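A.B. asks: The structure follows.
Read-outs throughout are calculated quantities, based only on the coordinates presented, and are distinct from any laboratory measurement. Model, not experiment: these values are computed from the prediction. Glycine also receives a Cβ, built like all others from the backbone with ideal geometry; neighbour counts cover every protein chain displayed.
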């Protein structure tokens with residue numbers, strides 16, 4: 001149970017918007033590509049990356065996991 005709680009807690013933490021944008025760019029992905037992967041509009045992702053909006057609920061968890069996975073992938077290059 002502790003592992004599950006730790007995983008959920010980690011997934012909820014998002015990097016600052018500018019860092020999220022840099023992670024996406026370093027992975028060579030465009031806003032439309034990431035937005036499509038998450039099932040949101042490109043404008044929604046742009047707002048997240050500008051810090052004017054923030055994802056909530058299950059979408060926040062998916063976005064955090066995607067960014068974490070991208071960051072690990074970029075660092076392993």
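A.B. asks: Can you confirm whether residue 66 is in a loop (DSSP other than H, G, I, E, B) and surrounded by 10 or more Cβ atoms within 10 Å (Cβ to Cβ)?
C.D. replies: Numbers: in a loop (DSSP other than H, G, I, E, B): no; surrounded by 10 or more Cβ atoms within 10 Å (Cβ to Cβ): yes.
Judged against the criteria, residue 66 is not a match.
A.B. asks: Please go through (1) part of a helix (DSSP H, G or I); (2) within 12 Å of the chain's Cα centre (by Cα) for residue 4 and return the number of the only condition it doesn't satisfy.
C.D. replies: Unmet for residue 4, out of (1) part of a helix (DSSP H, G or I); (2) within 12 Å of the chain's Cα centre (by Cα): (2).
A.B. asks: Let me ask something else. Scan region 47-60 residue by residue and report those that are assigned to a helix (DSSP H, G or I), in contact with a helix residue (DSSP H, G or I) (Cβ under 8 Å, 6 or more places away or on another chain) and surrounded by fewer than 16 Cβ atoms within 10 Å (Cβ to Cβ). If you could, list the steps in order and put the result at the bottom.
C.D. replies: Residues of region 47-60 that are assigned to a helix (DSSP H, G or I), as a first pass: 47-50, 57-60.
The next check asks that each one be in contact with a helix residue (DSSP H, G or I) (Cβ under 8 Å, 6 or more places away or on another chain); those that pass are 48-50, 59-60.
Those that are assigned to a helix (DSSP H, G or I), in contact with a helix residue (DSSP H, G or I) (Cβ under 8 Å, 6 or more places away or on another chain) and surrounded by fewer than 16 Cβ atoms within 10 Å (Cβ to Cβ): 50, 59.
A.B. asks: Would you mention how many residues in region 13-36 are in contact with a helix residue (DSSP H, G or I) (Cβ under 7 Å, 6 or more places away or on another chain) and surrounded by 13 or more Cβ atoms within 10 Å (Cβ to Cβ)?
C.D. replies: Taking region 13-36 and keeping what is in contact with a helix residue (DSSP H, G or I) (Cβ under 7 Å, 6 or more places away or on another chain), we get 13-15, 17, 20-21, 23-24, 26-27, 31-32, 34-35.
Retained after the next criterion (residues that are surrounded by 13 or more Cβ atoms within 10 Å (Cβ to Cβ)): 14-15, 17, 20-21, 23-24, 26-27, 31, 34-35.
The qualifying residues number 12.
A.B. asks: Give the residues of region 17-46 that are under 27 Å from residue 6 (Cβ atoms), part of a loop (DSSP other than H, G, I, E, B) and either within 9 Å of the chain's Cα centre (by Cα) or touching a residue at least 24 places away in the same chain (Cβ under 8 Å) (or both), sorted by residue number.
C.D. replies: Correct list: 27 only.
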